[in-house]
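The structure appears right after this line, and notes come after that.
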Amino acid sequence: MTADIASTSNASAPTNADLDASCRGPVAFLLISASLWLVAATVLGLIAAWQLHSPEFLAGCEFLTHGRVKPAASNALLYGFTLQAAFGVALWLICRLGRAPLSSPIAVFLGSKLWNVGVTLGVAGILIGDNSGYEGFEMPRYAAPLLLVAYLLIGGNALVTMHERRQRGLFASQWYLLLALLWFPWIYSTALWLLHVHPVRGITQSVVNWWFVGNLHCLVLVPFALAAAHYVVPKLTERPLHSRDLALFGFWTLVFVGGWSGIPAGAPIPAWFITVSIAAAALTLVPALAVLGNLLATWKGRFGLVRNNPALAFALIGLVFFFGWSARAALFSFRTPAEFLRFSNLSTAQNQLLLAGAVGCMLFAAIYELAPRLAGVAWPCRGMARVHFWGTLVGTVLFQVSLVVPAIRGAKSLEGAVGALPIPVAAFAGLLVLAVGNLAFVGNVCWLIVRHTQACGCRKSVASLFQPAADPEVAS
């Protein structure tokens, strides 16, 4: 892939400005909404972390007890920020890579609004006590179907747009986008039917829940993130992808092993279920190594660009976090360490490393590249971008160390209680540093909107985001 996708020979082929204008409204709405949910998830996450250190904090308010705030924070981060930002990035990439305007912006915009209504109802339902009890699928029964309908409007139009592409060949980013866009409705509708509409019985409910979370992580969130990385790295380094064959190998190995992981060691189910899941979790390291090696080989000799380019900086740490997540999943999937670490905070650290670390950073990389092009103005403050980068890096590393080290020490001493101690002050400090970075990002987004509206002569609203604007030559 070169610095940008060459336009077709047809004289009527849309320009970058035309493509951006077609998806500007829905993508801007998705990214702005995702930024607001990032703030909500950050605040709720800080409350939940501090409650483990000081249990009396907000203990008198039943809506803000730890058992409600923690799942509300995780769902706000997962469904409010991560998936919504992934949809926005996917729509822009599909238009740019396929050289085709968005199929139905109005339908996507309505789906985006419905998605936010569903997430709002879901998080509010969790806070009032309507938690479904399934980790990663805590949305109450009256909110979950709204997300599926909303996705059909968003994802359906994304797939139609990809079908109508002028650039007929598929790039590596498009492989991962197709995987994520097709896999999410399948696993979500299946989990919705088997856990809410027609619930299965007994331990089968847990198996369905583990299957859903494992597939959501490996075959939806990770592909969305890798699609962003496979676009940002070749484009901004101005080099073609190092090896298409290695990219194909990484893609198909992820497809093959990603759907089998998720079942924890020691679960009260037939042993072959657990054995297959352990093998799949260990093999996730193979596509991670293929992707990391391919993109780093593409990057070779141009790592100096990271210093002045936040998109490349976030792509780099996102790939490193992705490798760390895969390596840890492979290492701790086996029975012996998993038995000692079952009641530790390792699963919390692993989820945070995936959502806020690997997936979040690669999505941020794409957002730092696409947002100025949609807005028609450059990012207003590079300092805020640096605060965001270092806050994300330092906060994630500090949070991981503060949770993983006590868990491993507890496993080595065979004292499970050591790993199960409440989150220490260091973990809260890590989340606090991460929150500073997130707030810097949201502040930069708000400032970008203000500059855009000022440039369009509209200071009272963000409605001009829905109007065409020339594609600027913006340094990232």
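The values are calculated or read from the model by the stated rules, or taken from the named source; none is laboratory data. All values reported here derive from a predicted model rather than from experimental measurement. Reconstructed Cβ throughout: ideal geometry from the backbone, glycine too, with neighbour counts over all protein chains shown.
Taking the criterion of being among the small types (Gly, Ala, Ser), outside any loop (DSSP other than H, G, I, E, B), at pLDDT below 90 and surrounded by 14 or more Cβ atoms within 10 Å (Cβ to Cβ), would at least one residue in the stretch 431-451 satisfy it?
The answer is no, given that none of the residues of the stretch 431-451 is among the small types (Gly, Ala, Ser), outside any loop (DSSP other than H, G, I, E, B), at pLDDT below 90 and surrounded by 14 or more Cβ atoms within 10 Å (Cβ to Cβ).
Based on this model, can you work out whether Ala17 counts as within 21 Å of Gln174 (Cα to Cα), surrounded by fewer than 18 Cβ atoms within 10 Å (Cβ to Cβ) and at pLDDT 85 or above?
Taking the combined requirement at face value, the residue satisfies it.
Give the stretch 286-297 a look and list any residue that's surrounded by fewer than 20 Cβ atoms within 10 Å (Cβ to Cβ), in contact with a His (Cβ under 9 Å, 6 or more places away or on another chain) and of a type outside the set (Gly, Ala, Ser), or say none.
Leu296
Conditions tested, residue by residue: (1) under 18 Å from the mean Cα position of the chain (by Cα); (2) in a helix (DSSP H, G or I); (3) at pLDDT 90 or above; (4) closer than 21 Å to Asn308 by Cα.
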residue	(1), (2), (3), (4)
Ile367	yes, yes, yes, yes
Ala371	yes, yes, yes, yes
Val387	no, yes, yes, yes
Trp390	no, yes, yes, yes
Leu393	yes, yes, yes, yes
Val404	no, yes, no, no
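Can you pull out the residues in the stretch 157-177 that are of a type in the set (A, V, I, L, M, F, W, C), out of contact with any helix residue (DSSP H, G or I) (no Cβ under 7 Å at 6 or more places or on another chain) and either part of a helix (DSSP H, G or I) or under 17 Å from Cys23 (Cβ atoms) (or both)?
Within the stretch 157-177, Val160 is the sole residue that qualifies.
Just a yes or no: is a residue in the stretch 75-89 out of contact with any Leu (no Cβ under 8 Å at 6 or more places or on another chain), in a helix (DSSP H, G or I) and over 27 Å from Leu182 (Cα atoms)?
No: the stretch 75-89 contains no residue that is out of contact with any Leu (no Cβ under 8 Å at 6 or more places or on another chain), in a helix (DSSP H, G or I) and over 27 Å from Leu182 (Cα atoms).
Mind checking which residues of the stretch 162-200 are farther than 25 Å from Leu363 by Cα and among the aromatic types (Phe, Trp, Tyr)?
Trp193
Only one residue in Leu305, Leu312, Leu292, Leu296 is under 23 Å from Asn438 (Cβ atoms) and in a helix (DSSP H, G or I). Which one?
Going through Leu305, Leu312, Leu292, Leu296 in turn, just one is under 23 Å from Asn438 (Cβ atoms) and in a helix (DSSP H, G or I): Leu312.
Just checking, which of Ile126, Ile154 is touching a residue at least 24 places away in the same chain (Cβ under 8 Å), of a type in the set (Val, Ile, Thr), in contact with a helix residue (DSSP H, G or I) (Cβ under 6 Å, 6 or more places away or on another chain) and closer than 25 Å to Val255 by Cα?
Sole residue among the options that is touching a residue at least 24 places away in the same chain (Cβ under 8 Å), of a type in the set (Val, Ile, Thr), in contact with a helix residue (DSSP H, G or I) (Cβ under 6 Å, 6 or more places away or on another chain) and closer than 25 Å to Val255 by Cα: Ile154.
Only residues that are without any contact (Cβ under 8 Å) to a residue 40 or more places away in the chain and polar (S, T, N, Q): list them for the stretch 235-291, please.
Those that are without any contact (Cβ under 8 Å) to a residue 40 or more places away in the chain and polar (S, T, N, Q): Thr253, Thr275.
Restricting the stretch 267-285 to residues that are under 21 Å from the mean Cα position of the chain (by Cα) and part of a helix (DSSP H, G or I), which is surrounded by the fewest Cβ atoms within 10 Å (Cβ to Cβ)?
Here the residue is Leu285.
For residues that are in a helix (DSSP H, G or I) and either of a type outside the set (S, T, N, Q) or under 26 Å from Ala227 (Cα atoms) (or both), tally how many sit in the stretch 51-74.
Residues in the stretch 51-74 being in a helix (DSSP H, G or I) and either of a type outside the set (S, T, N, Q) or under 26 Å from Ala227 (Cα atoms) (or both): 14 in total.
Being farther than 26 Å from Pro264 by Cβ, modelled with pLDDT of 75 or more and surrounded by fewer than 16 Cβ atoms within 10 Å (Cβ to Cβ): is that true of Arg382 here?
yes
Out of curiosity, is Ala358 at pLDDT below 90 and either surrounded by 23 or more Cβ atoms within 10 Å (Cβ to Cβ) or more than 30 Å from Trp447 (Cβ to Cβ) (or both)?
Answer is no for this residue.
Report, by residue number, each residue of the stretch 22-50 that is over 25 Å from Val117 (Cβ atoms) and buried (at least 22 other Cβ atoms within 10 Å of the Cβ).
Matches in the stretch 22-50: Ala49 only.
Might you let me know whether the stretch 140-147 holds any residue that is of a type in the set (Ser, Thr, Tyr) and buried (at least 16 other Cβ atoms within 10 Å of the Cβ)?
There is no residue in the stretch 140-147 that is of a type in the set (Ser, Thr, Tyr) and buried (at least 16 other Cβ atoms within 10 Å of the Cβ).
Just checking, which of Ala150, Ala124 is hydrophobic (A, V, I, L, M, F, W, C) and surrounded by 21 or more Cβ atoms within 10 Å (Cβ to Cβ)?
Only one candidate qualifies: Ala150.
Being out of contact with any His (no Cβ under 6 Å at 6 or more places or on another chain), closer than 24 Å to Leu114 by Cβ, surrounded by fewer than 22 Cβ atoms within 10 Å (Cβ to Cβ) and without any contact (Cβ under 8 Å) to a residue 60 or more places away in the chain narrows it down to one residue among Leu170, Leu159; which is it?
Leu159
Scanning the stretch 51-84 for residues that are buried (at least 17 other Cβ atoms within 10 Å of the Cβ) and aromatic (Phe, Trp, Tyr), which turns out nearest to the chain's Cα centre (by Cα)?
Restricting to residues being buried (at least 17 other Cβ atoms within 10 Å of the Cβ) and aromatic (Phe, Trp, Tyr), the top hit is Phe81.
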